[in-house]
1. Considering only segment 292-308, state which residues are more than 16 Å from ligand 1 (Cβ to nearest atom), open to solvent by 50 Å² or more (accessible area, probe 1.4 Å) and not polar (S, T, N, Q).
2. Scan segment 110-132 for residues that are under 25 Å from Asn51 (Cβ atoms) and in a loop (DSSP other than H, G, I, E, B) and jot them down.
3. Any residue in segment 144-155 that's without any contact (Cβ under 8 Å) to a residue 12 or more places away in the chain: show its pairings with residues that are of a type outside the set (D, E, K, R) at Cβ separation under 7 Å, as long as the two are six or more apart or on different chains.
4. Can you tell which of Met107, Met50 is part of a helix (DSSP H, G or I), in contact with a Cys (Cβ under 9 Å, 6 or more places away or on another chain) and either open to solvent by 30 Å² or more (accessible area, probe 1.4 Å) or touching a residue at least 12 places away in the same chain (Cβ under 8 Å) (or both)?
5. Kindly check whether there is at least one residue in segment 342-361 that is among the acidic types (Asp, Glu), open to solvent by less than 30 Å² (accessible area, probe 1.4 Å) and within 16 Å of ligand 1 (Cβ to nearest atom).
6. Could you say whether any residue in segment 365-388 is open to solvent by 40 Å² or more (accessible area, probe 1.4 Å) and assigned to a strand (DSSP E or B)?
7. Looking at Ala270, Ala312 in this structure, which one is open to solvent by 20 Å² or more (accessible area, probe 1.4 Å), free of Cβ contacts under 8 Å to residues at least 24 places away in the same chain and away from ligand 2 (no atom under 12 Å from the Cβ)?
8. Pick from Glu140, Glu167: which is acidic (Asp, Glu) and over 22 Å from the mean Cα position of the chain (by Cα)?
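The values are calculated or read from the model by the stated rules, or taken from the named source; none is laboratory data. Being a predicted model, the structure only gives us computed values, none of them experimental. Ideal geometry is used to build each Cβ from the backbone, glycine not excepted, and the neighbour counts take in all protein chains shown. Accessible surface is based on the protein model in full, side chains and every heavy atom, while ligands, DNA and RNA are left aside. Shrake-Rupley method; radii C 1.70, N 1.55, O 1.52, S 1.80 Å.
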Amino acid sequence: MDDLINQPQTESLAASNQPAGRPTAGRKVYVETYGCQMNEADTEIVLSLMNREGYQPTNSIETADVVFLNTCSVRDNAEQRIHGRLNHIAFHKKKKPEMVVGVLGCMAERLRRKLIHEGSIVDVVVGPDEYRALPELVNEAQFGTKGLAVKLSRVETYDDVTPLRTEGISAWLSVMRGCDKFCTFCVVPFTRGRERSRSMESIVQEVEGLAKHGFRELTLLGQNVNSYRWEGRDFADLLAAVADVDPLMRIRYTTSHPQDMSDKLIETMASRKNICNYIHLPVQSGSNRVLQLMNRTYTIEHYLERIASIHALIPNVSMSTDIIAGFPTETDDDHRQTIELIKQVRYDGAYMFKYSPRENTKAWAMGDSVPEEVKSARLAEIIDVQRTIAEENNQRHVGTIEEVLVDGESKKDASEWKGRTDTNKVVIFRHGDEQVGEYVNVKIHRGTAATLFGSIVDAEGRPKEFPIELAVVG
Ligand code: 5AD
Ligand code: SF4
């Protein structure tokens, strides 16, 4: 790993006469974000760093002076999407040649110089630990000097950068960066570097600021939050401190590693009402043989024991997971064990993927032995079983009253609100006079695998308006 960290420093790829710099005030930056929530949070850090230099965020590529793609490398199809997107951006750049195009994030870290080859429209390539270099590299790019900054750091946490959060009542907050787990299929330890934690004091201070500004929901982020450590305190201590800032602010977190899901963390979740009853606990496979090949460092027995402890302490908990279909050498029997596990745990949600070989990972050397059509068939079965279970789970909510945080208009119909339960379920219900950021009681009338539908009731459970089905018919 050490050689990864000693990559070349920020460098310019063409000789330049050190430009004096163009005025940046009023210039506009447009960012598209791909991949995980860590990338969403990083985009807000990038916007903040650019804003310090006078750049304003814009939602339209046409008005942008600078266009960034914050990228993901976790699977090959994520990277293919970015190549497609760059072809589209080339069309804009033709019309506006002075526009600076940057590739940021994991793909920048992985592909580096390959992205700024001769004739490429990409001007700057900047990895996840080098965002502080962005304004300078963009400035140089305006004078035709392409820039590359991909050094990984053992210490960078952007602790002093307040993310530029542009809208909504929900905020992301990265509490640690990088990952030391080295699951054999995963490129993240290579693209995001070694684990490091942000100071607990600065996190709590930022949460106090968010509470003052009316944020109602906060998700603490890290590739493996259980590894958070700061001056003898662990993630459970951090979670408690953050939850105590404002009892009206809901706290979520992601992602946990099953090996490190401690009793203390589960107890802390149970001890505070505003820590959401929702846990994302990636299992990846139901087969111990495959888990070992993946270097996941736990067994299914351990995983199920953790789930039992979670249920014992947090009775209405909602659970989700990540699953990979078709890891090298996965047999029909391994796959069957994954299906059995899904049926046993009865997840409320899952992110399900076909295995995608990533260069330089240990699994890369294992080959890609499961044929594409077998992978596809296994993934389809996993999705099908999981969807049925999620739908059945959601039927259990019909007739119950849920406390829902209103987070905006429903995409399909502006007369409906969209909100979330504490257990992270999306609820759609008809508008009343309530505001975004308010908590309301919603009686659930029906549920699909992904969504609950209901209507607002008062504190005694009496309807405040027509149920949504009546509204639609009328
Ligand atoms: N192929 C398929 N899925 C992957 N993931 C990570 N690497 C790969 C890969 N090479 C999935 C894992 C992880 C999630 C973020 O992405 O399930 O938990
Ligand atoms: Fe990748 Fe494993 Fe780290 Fe998650 S825990 S980021 S899957 S190496």
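1. Scanning segment 292-308 gives Glu301, His302, Glu305, Ala308.
2. Ile121, Val122, Asp123, Gly127, Pro128, Asp129, Glu130
3. Qualifying pairs under 7 Å: none.
4. Working: Met50 fails: in contact with a Cys (Cβ under 9 Å, 6 or more places away or on another chain).
The unique qualifying residue is Met107.
5. First pass over segment 342-361, keeping only residues among the acidic types (Asp, Glu): 348, 359.
If we keep only those that are open to solvent by less than 30 Å² (accessible area, probe 1.4 Å) as well, we get none.
For segment 342-361, residues among the acidic types (Asp, Glu), open to solvent by less than 30 Å² (accessible area, probe 1.4 Å) and within 16 Å of ligand 1 (Cβ to nearest atom): absent.
6. So the first thing to find is which residues in segment 365-388 are open to solvent by 40 Å² or more (accessible area, probe 1.4 Å), and the list is 365-366, 368-369, 371-374, 376-377, 380-381, 383-384, 387-388.
Checking the rest, the ones that are also assigned to a strand (DSSP E or B) come to none.
No, the conditions are met nowhere in segment 365-388.
7. Details: Ala270 fails: free of Cβ contacts under 8 Å to residues at least 24 places away in the same chain.
Among Ala270, Ala312, only Ala312 is open to solvent by 20 Å² or more (accessible area, probe 1.4 Å), free of Cβ contacts under 8 Å to residues at least 24 places away in the same chain and away from ligand 2 (no atom under 12 Å from the Cβ).
8. Working: Glu167 fails: over 22 Å from the mean Cα position of the chain (by Cα).
Every option except Glu140 fails the conditions.
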